[in-house]
Each structure stands twice: as structure tokens, then as C-alpha cells.
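*Asks:* Can you keep this structure in mind? I'll have questions shortly.
The values are calculated or read from the model by the stated rules, or taken from the named source; none is laboratory data. Computed from a predicted structure; not experimentally measured. For neighbour counting, all protein chains shown are included, and Cβ atoms are generated from backbone atoms with ideal geometry for every residue, glycine included. Surface areas here come from the heavy atoms of the whole protein model, side chains and all, with no ligands, DNA or RNA. Shrake-Rupley method; radii C 1.70, N 1.55, O 1.52, S 1.80 Å.
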Amino acid sequence: MDTILILDYGSQYTQLIGRRIRELGVYAEILPGDADVGAKTGPADLQAAGPAVVAGQVVSHYVGIVLSGSPFSAYDEAAPRPHPSLYESRLPVLGICYGIQRMTLDSGGQVSRLVEREYGRKLVHKTSKGQANSLLKGLPAEFSSWMSHGDSVVIPGNGWEIIAESEGGIPAALAHASLPRWGVQFHPEVSHCECGLDILGNFVLGICKAKPEWSMGAYLEQTAESLKCRVGESPVLLLISGGVDSTVTGALLLKTLDPEKVYLLYIDTGLMRAGESEEVMENLARLGARHLFKVDAEERFLEALRGESDPERKRRIIGDLFVRIQEEEVARLGIPEAYLVQGTLYTDLIESGKGVGNKAQTIKSHHNVRSPLIMEKRAKGLVIEPLDRLYKDEVRALGRLLGLPESIVSRHPFPGPGLGVRILGEVTKEKCDILRQADQVYIEELRSRGLYNKIWQAFCVLLPVRAVGVAGDERTYGYVVALRAVVSEDGMTAGVYPFDPADLVAISTAITNRNQKVGRVVYDVSSKPPATIEWE
Ligand code: XMP
């Protein structure tokens, strides 16, 4: 499949570049900015596409490279640099913001700080050299771009020409006279950038000649092929967590492989939502699962979590126990050394510091990514994550393609560690029950008010504090529940859902009326960043 390689230097828009390219129907893969491009694209540079699957892995055919922006100044000592192989590659390269500044400095040009920074909408016009340039083909002579930079190219690198300038006379787009390299100072991936998608289209479809082969149908076909090659006759074991991702993964396995070889294991940690266990088992049975096992492990999880209130340690305890129970079950059921399949998404890998960018930090350890036991299996090549290139909305699209009902596909995301990371501080059975019930009321209220599908994710969080109240002339000292409701595209960033105040008040009343132990309800009005969606 023709693929554009995006090298990430830490820009907040890197993901967006990938999304826009996929919107053009072309697959895009993001790698750290210093990745060895030569090793990745290999001698296949500019050669015809190879077979779609080699040794069980989908092989991408790289046809172009995009360099992202960065929070760094290109001339900083600590600024991220590309691997030398980038400049040896013959593939077309498009540098965006930092990307073009980096190429400018690396080719003998000059970049310096602007006296007046350029932020937001700026008019850009083509220069005489830009009239016939393939990057700006079909664009009007002047258009509105979207800038976000404090540095600028002052003197273009050797062989580079300015093909567009901003209203402030600053180089806005550049092209190399003899090499297939281009750069833009503005951000064509941002929706406010007029002609942004046209510019990306000119690069990806026109210059790189990428065949628009990316579609969910094609992804499904290739993933299925890749799964079959990799797994062969071996059994596979999928850990079901109750969320959309593992259910879609389950459907994918059951459709692709011999259902006799597919073992599905659902561990009821006691940290699940109300009615979740029953629902999960019913859904998977309906999908044709032949080997579906449920382990009741509530007591073991609560025991392991007793006295622990540190968020990262709680995540690790839950993650490790998950894998330990899975290993015990494999032995008990007599499944030979099986591949472990997980519904890990791209965002899980990124948040766990395993995604793109060598400077990526661990925000929180998604238990299915960083658990030492999982890492050990991963190192042995025994972990398969068929959704790891997808974002949540793409997983939903895949679920629909696999014929899953809307009630499963459009369910809000639920984290692997479940209520364990929604009960701040120590987790106890009493707190799980209180939170489960409050959450159930909250979700029922959202559904009955027609709000559920307008919100990306909504849930209750139980705070480790109590507050004084009054009920029927008596003093109460109840728990405080925080409501979370966010809007998001992919979970990487999120905004606060702007409730009508009357809805919030009614939801609060419903929760406190139905649960005597909850004395107070508050609404979390934090976006991500700086907060995260979950509280722990
Ligand atoms: P945060 O809290 O990091 O969450 O903003 C982003 C999205 O990921 C979900 N989440 C998880 N999903 N395992 C998962 O599979 C995890 O450990 C985990 N932690 C958070 C979260 O619910 C949100 O949708």
C-alpha cells in the first residue's frame, strides 16, 4: 500500500497531518524524527510496490516523506535532527514549519527569530517562481494560510527558491530547484488554512503519485491477510476488557481466523461498569465465539489493590494481575503457547510513551502497553495488536464494517484498568459499588436526554473526600462524585462538553436521590491538555 512517512519532531499537529493524508485516501505512518529513513524505506525507494504481505507483516511502500513542526527552534543545540539517511533519500520530502527550517539550516541557509511573530491567519501570495510549481498547482495567486511560528527562513538553503511569500514578506513556501523537496512555513493540515488540503493533495497525490488505496475496507483486507500469515495454525488468545476496541478485535479475529482457534478470555476484575460483564459475554457469543471464558477475579484484584493509592502503581498492579491470570487460564485450559492479541490503539501507544517521537513522555501507562509481562511477550514477538495503527473513530468504522451493532460501536471508550483509575486513592468494594451506581444513573440520564451521542466520553469519578450535607433535617457526610464529559476526535485532545446548566442540575439530583452515599456532585471543566480525560 502506498504510504507517506511522517517524521515527527514533536508538533501538536503531527497527528493531524496523518489524518489529513488519510482523508486523501492515502495511508500515513508516523515515526520519530530521527528514524533511519533508509532502513525503513530501503532500496525500494522509488521502486514498484512489493507484495502486500511479507512474512506475515503488511509491507508499506513508501512514496514520500513529510517533516512535521516542532516546539524547538531549528538552531537550538537540543533541537531534534533527522537521521542523515533522510538527505540521501530520493523520495519527495515536504517540510512543514520546523521541517522546512530544519532543511534550510541543513542545506546552508539561515533561520532566525522574527521580530514580530506570525500567528493565525495570514495572506500568502505566489512568487513568480511559484506560478508553475507543482506544490501550488491549481491554487489562487493569493490565499489565506494559517501560521504559528516565531522563527523564519531568512536565507533559503543552497538550491532552494521561494515560491510563496506571506503578507509580511516572509518566505511562506519554498522548493528545491533540482531535488524533489518542498517546504511550507504555514500549516496546511489545520482546517483554517485555506487550500491546505489542496497543497497536501498536490504533494501526496501529484508529486509523490501515491495511489489512494487507503480505505477501511482495504485495511480490513490487509489486516486479515497479515493476521492469517502471522498466526498460521496457532491458536490466539484475546483478552477482552469490555470496551469497543477489544470487541472489535474479537469480531476481527472471529471473521478472519478459524473460530475454533480463537480463545476469548474475559476477566471480570470487579472494576467494570454496571451490567458490563453480562453484555460483553452476550455480544461475543453472538459473534460466533466458540471458546469464550469468563474469570471472576474481583476478590483478587481488590486484594492486590488494597492500601494502594498511587495512580501508576495501581495501573501496574491491575495490568500485571491481568496477565498473570491470563497465563494461569492458558495453563488451566491447556492452550499451547498462543499469540496474545490485544485491542491496543494508536493513542494508547502514544500516551504510554511508545508512540511517535523519541521525546514522547509517558503520560500514563496504559496497562496493556507497559506491563512488564506484556513487554516480555512483546519482545518474544508473541503480542499481536491489529488495531495499533488506528484511532478510535477509525476503530468504530471498522466495527461497522464488520457488522457490529451501533449499540456496541458507538459506546463511549472505557479504559483497561476500569473503575480502578476512576476511584481516586484506595480502591475498595464499597467505593466500586457507589461509583458503578452513580455512573449508571449518569449514563441513563444522558441517554434519556439525547446527549449520549453528542459526547465523546462521559463517566463519573469518585473523589477521595467527603463533604457535609443535609437530608431530612439530618447531617450527612457523603462522597463527592465528579462528572466528566468531553468532546474529542481521537482522545488525544479533548474539550469540555458545554452542558445546558439545567441538564447538569437534573443529573446531579438524579445521582444524589438514587444513591444516599453520594452527598455532592461536581462538574469537571478541564480540557485535555492540560488535564487528561481520565483522572488517574
Ligand atoms: P487519557 O486519560 O490518557 O485517556 O486522556 C485517553 C483515552 O484513553 C483511555 N484510556 C485507556 N485505554 N487502557 C486503555 O485501553 C488504559 O490503560 C487507558 N487509560 C486511559 C481513556 O478512557 C480515554 O478514552
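*Asks:* Taking the Cα centre of region 190-320 as the origin, how large is its charge dipole in debye, to the nearest 20, when only Lys and Arg (+1) and Asp and Glu (-1) carry charge on their Cβ atoms?
*Replies:* In debye, rounded to 20, region 190-320 gives about 360.
*Asks:* To the nearest 10 Å², what's LYS211's accessible area with a 1.4 Å probe?
*Replies:* Rounded to the nearest 10, that gives 100 Å².
*Asks:* Tilt of helix 392-401 relative to the longest C-alpha principal axis of the chain, in degrees (0 to 90, nearest 10)?
*Replies:* Taking the Cα atoms of the chain, the angle to 392-401 is about 80 degrees.
*Asks:* From the phi angles alone, apply the Karplus equation (6.51, -1.76, 1.60; θ = phi - 60°) to region 257-271 and give each ³J(HN,Hα) in whole Hz, x where the residue is Gly or Pro.
*Replies:* 9, 5, x, 5, 9, 9, 9, 10, 10, 10, 9, 7, 7, x, 10
*Asks:* A further question on this structure: Per-residue accessible area for ASP258 at 1.4 Å probe radius, Å² rounded to 10?
*Replies:* Answer for ASP258: close to 80 Å² accessible.
*Asks:* In square angstrom, what is the accessible area per residue of region 423-523 with a 1.4 angstrom probe?
*Replies:* On the way: 4740 Å² over 101 residues.
Spelled out: the 1.4 Å probe surface of region 423-523, per residue, equals 47 Å².
*Asks:* Quick check of the Kirkwood formula: for the chain, what is the inverse mean of 1/r over all pairs of different Cα atoms, in Å?
*Replies:* Its Kirkwood hydrodynamic radius stands at 25.3 Å.
*Asks:* If you rank PHE499, PHE293, PHE301 by how much accessible surface each has, with a 1.4 Å probe, what is the order from largest down?
*Replies:* My answer, sorted largest first, is PHE293, PHE499, PHE301.
*Asks:* Next question, about the same structure. Using Cα positions and a limit of under 20 Å, work out the lysines in reach of LYS209, with same-chain residues fewer than 8 apart set aside.
*Replies:* Partners found: LYS40, LYS137.
*Asks:* If R₀ is 30 angstrom, what is the calculated FRET efficiency for the pair TYR477 and GLU444, using the beta carbon separation as r and rounding to 0.05?
*Replies:* Once rounded, the FRET efficiency stands at 0.70.
*Asks:* Now for a different question. Kindly provide the trypsin sites (Lys or Arg not before Pro) of region 447-531 that DSSP labels as loop, not H, G, I, E or B, and whose Cβ sees at most 15 other Cβ atoms within 10 Å.
*Replies:* ARG449
*Asks:* Roughly what % of Cα-Cα distances in region 423-523 sit above 17 Å, to the whole percent? Before the final figure, lay out each step's value.
*Replies:* Details: 2609 of 5050 pairs.
Result: 52 percent of Cα pairs exceed 17 Å.
*Asks:* Over the chain, what is the mean sequence separation of C-alpha contacts under 8 Å (at least six apart), divided by residue count, expressed as relative contact order in percent?
*Replies:* Over the chain, the number comes to 11 percent.
*Asks:* Can you tell me the dipole magnitude for region 88-212 around its Cα centre, using point charges on the Cβ only (Lys, Arg +1; Asp, Glu -1), in Debye to the nearest 20?
*Replies:* Around 340 debye, computed over region 88-212.
*Asks:* Nothing charged except the Cβ atoms of Lys and Arg (+1) and of Asp and Glu (-1): what's the magnitude of the dipole of the chain about its Cα centre? Round to the nearest 20 debye.
*Replies:* That gives a dipole near 140 debye.
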